[in-house]
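K.L.:
Attaching a single structure in structure tokens format; questions to follow.
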Amino acid sequence: MAKIKLTKGEMKKQRDALKQFRRYLPTLQLKKQQLQMKILEARKVLSDRERVMNENAQSIEQWCGVMGEQGVGFEEWIKPKEIITGKMNIAGANVPVFKEVIFNLAEYDYYSTPFWVDKGIEILRMYISSKVEVEIVKKQISILQKELRTTTQRVNLFEKIKIPECLDNIRKIGIYLGDQQANAVGVSKVAKRKVDAKNLETALV
């Protein structure tokens, strides 16, 4: 810790800093609480989306046999053409929000393609969309957790270091200035006694 000046100017500086820290601390504490709450909410959403993804994966397993038929390829029709996301500000953190996955138009010969292909494509697309959404929610949580760590560090800095440091500095400066004032009063009294004694001596001559 840097050595402080034991002056009235430094006392004002420390008091102003203390006032500023105490004004900002509640805002940081509120932000910390909001982030903790949003992370819990996001984890619940993640659990729900993972459940949907797993259900979609189970649906795919039921189709594995027919999907493996020779001459039927799904790659072109289930590959995402575009993943559309938005942005949302949560307690000061910008997080991505899933909107939809756009796929290429499935164009094939209805006469030569098995009847179940439509349903197969639909199921595969549902699985891929749910998987993309799961990844985006995970990214949300990661960003929020990073913001929470930063906010927690600032709260701890103010609570455990800056505010106690200011209070200790104010106490030290107060003691020093009080001692200086007491010394000044003592010196003044001694000087007054000397002047009074000299005046009395002069008067007696």
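K.L.:
For the stretch 79-85, just list the computed ³J(HN,Hα) in residue order, Karplus coefficients 6.51, -1.76 and 1.60, θ = phi - 60°, integers in Hz, with x standing in for Gly and Pro.
P.N.:
These are the phi-based 3J(HN,Hα) values: 6, x, 7, 7, 10, 9, 10 Hz.
K.L.:
What is the packing order of peptides 43-54, 16-27, 135-146, taking the mean over residues of other C-beta atoms within 10 Å and listing the highest first? Before the final figure, lay out the partial values.
P.N.:
Working: 43-54: 14.8, 16-27: 13.2, 135-146: 16.9.
The most tightly packed comes first, giving 135-146, 43-54, 16-27.
K.L.:
Cross-link list K32/K131; K19/K146; K12/K146; K32/K99; K79/K139: which exceed 32 angstrom alpha carbon to alpha carbon?
P.N.:
Details: K32/K131 30 Å; K19/K146 28 Å; K12/K146 36 Å; K32/K99 27 Å; K79/K139 21 Å.
Among K32/K131; K19/K146; K12/K146; K32/K99; K79/K139, the Cα-Cα distance tops 32 Å for K12/K146.
K.L.:
Additional query: Would you please give the residues with an amide H less than 5 Å from that of I90, counting only those at least 5 places away or on a separate chain, with H modeled from the backbone geometry?
P.N.:
It is V95, by chain and number.
Any read-out appearing in this document is the output of simple, stated calculations on the displayed coordinates, not a laboratory observation. Source: prediction; values computed, not measured. Cβ atoms come from the backbone with ideal geometry, glycine included; neighbour counts cover every protein chain shown.
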